1. Please verify whether Pro24 is in contact (Cβ under 8 Å) with a residue 60 or more places away in the chain and surrounded by fewer than 16 Cβ atoms within 10 Å (Cβ to Cβ), treating the condition exactly as stated.
2. Of all residues in region 43-61, how many are free of Cβ contacts under 8 Å to residues at least 24 places away in the same chain, in contact with a strand residue (DSSP E or B) (Cβ under 6 Å, 6 or more places away or on another chain) and of a type in the set (A, V, I, L, M)?
3. When you go through Gly64, Gly37 one by one, which is the residue that is out of contact with any helix residue (DSSP H, G or I) (no Cβ under 8 Å at 6 or more places or on another chain), without any contact (Cβ under 8 Å) to a residue 40 or more places away in the chain, surrounded by 10 or more Cβ atoms within 10 Å (Cβ to Cβ) and among the small types (Gly, Ala, Ser)?
4. Output the residues belonging to region 54-82 that are closer than 17 Å to Phe43 by Cβ and among the basic types (Lys, Arg).
5. Answer yes or no as to whether His89 is within 15 Å of the chain's Cα centre (by Cα) and part of a loop (DSSP other than H, G, I, E, B).
6. Please indicate, with yes or no, whether at least one residue in region 40-51 is within 22 Å of Thr10 (Cα to Cα), loosely packed, with under 10 Cβ neighbours inside 10 Å and at pLDDT 90 or above.
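The values are calculated or read from the model by the stated rules, or taken from the named source; none is laboratory data. This one's a predicted model, so the numbers in the text were calculated from it and none came from an experiment. Cβ atoms come from the backbone with ideal geometry, glycine included; neighbour counts cover every protein chain shown.
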Amino acid sequence: MSEVVLKQKTPIRVLHRRNNDTRPRTIHKAEGKRWEGRSENWFYIDLLTQAGTYIKEFVHGDFGRTKPNVSEILGCECDIVGLDVTNVHLDWPPTAPEQIVEKSS
């Protein structure tokens, strides 16, 4: 799947330090594959997401606070056994705006 816009409410696990808002976040790309050597119910999912996307909540749904979610899409309960960040796309160093030099009279 690609270019799916989520509606993510602030996750329960961080409500004590964040406002309870609903934020749109985009899953730019999602690919799943079976985890060989494990039960048929185990799989990897490779995601390319917008910054600020709550990945754990995208997988299990956080009691309906993230929609859509993997559990809802597959029609079964899902949870994470491991989470690895494999890449971060970052514009660094940031592009500085051109500086305006004023001539003094």
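1. no
2. Count: 2.
3. Sole residue among the options that is out of contact with any helix residue (DSSP H, G or I) (no Cβ under 8 Å at 6 or more places or on another chain), without any contact (Cβ under 8 Å) to a residue 40 or more places away in the chain, surrounded by 10 or more Cβ atoms within 10 Å (Cβ to Cβ) and among the small types (Gly, Ala, Ser): Gly64.
4. The answer is Lys56, and nothing else.
5. Yes: the conditions hold for His89.
6. yes
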